[in-house]
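The structure appears right after this line, and notes come after that.
The values are calculated or read from the model by the stated rules, or taken from the named source; none is laboratory data. All figures in this text were calculated on a predicted structure; none of them were measured in a lab. Glycine also receives a Cβ, built like all others from the backbone with ideal geometry; neighbour counts cover every protein chain displayed.
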Amino acid sequence: MSTDTVDEGKRRFLVTSTSVVGAVGAGFVAVPFLSSWMPSERAKNAGAPVEADISRLEEGRMMTVEWQSKPVWIVRRSEKTLADLEKNNDNLRDPASDNLDQQPEYAKNMQRSRKPEILVLVGICTHLGCSPTFRPDIAPADLGENWMGGFFCPCHSSKFDLAGRVFQGVPAPTNLAVPPHYYVTDNTILIGQDGEAA
Ligand code: FES
């Protein structure tokens, strides 16, 4: 056996060995990369739109659904509640919903909703993120005689009316957010997605 032949054999062995290690190494790298890149089912579900059945939601009541790990409130308002909204206007920070970040275009109205009687809001205070309480009662002792119903944040006393509009003189800077939503049927709302109203 000549030296050349031996060297050639060693070289082939080294090339083959390196290719195998390289392939194995690539395999070890590729699997974790692929699994960390693919969104998990949970992550996909957390961002997905959520359907809400409002067929049993009574007037004056609120129901809550979860969307993107946030509470979304749905309130069925009475004619009187809708008429009372206007009485709050002078005491609100943004009565006409001029801050366009806080609601889709179709909710830029006094009711802040697609259908006047149905309010859909993200139930998170725009100050530091506490969840306000639903206070539909009129003129309760703790909120004063001018209170026409709304939401009260117990963390730092921010107040919002029954359209989610923030009052002046409280820490919350903006109205509560209206999430994108539309009516799939009269009694089914898809929250988290825009579309044509049914
Ligand atoms: S978090 Fe609601 S008032 Fe501060």
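Miscellaneous remarks
- Asp137, sole failed condition from (1) touching a strand residue (DSSP E or B) at 6+ places or on another chain (Cβ under 6 Å); (2) closer than 20 Å to Leu82 by Cα: (1)
- Conditions (1) part of a strand (DSSP E or B); (2) more than 16 Å from the ligand (Cβ to nearest atom); number of the one not met by Leu121: (2)
- Test for Val170: is it within 16 Å of the ligand (Cβ to nearest atom), more than 19 Å from Ser78 (Cβ to Cβ) and of a type in the set (A, V, I, L, M): yes
- Applying the criterion of being assigned to a loop (DSSP other than H, G, I, E, B) and touching a residue at least 60 places away in the same chain (Cβ under 8 Å) to the residues of segment 58-70, the residue that is nearest to the chain's Cα centre (by Cα) is Gln68.
- Segment 163-198, subset part of a loop (DSSP other than H, G, I, E, B) and in contact with a Pro (Cβ under 7 Å, 6 or more places away or on another chain), residue surrounded by the most Cβ atoms within 10 Å (Cβ to Cβ): Arg165
- Residues in segment 71-107 that are assigned to a strand (DSSP E or B) and under 20 Å from Ala172 (Cβ atoms): Pro71, Val72, Trp73, Val75, Leu92.
- Cys130 vs. criteria without any contact (Cβ under 8 Å) to a residue 40 or more places away in the chain, within 24 Å of the chain's Cα centre (by Cα) and within 16 Å of the ligand (Cβ to nearest atom): yes
- Condition broken by Glu196, with the remaining ones in (1) out of contact with any Lys or Arg (no Cβ under 7 Å at 6 or more places or on another chain); (2) in the same structural domain as Pro71 (by TED's automatic domain parsing); (3) in contact (Cβ under 8 Å) with a residue 12 or more places away in the chain satisfied: (2)
- Residues of segment 88-115 satisfying the condition of being at pLDDT below 95 and within 24 Å of Glu145 (Cα to Cα): Met110
- Any chance Val75 is closer than 28 Å to Ile138 by Cα and at pLDDT 95 or above: yes
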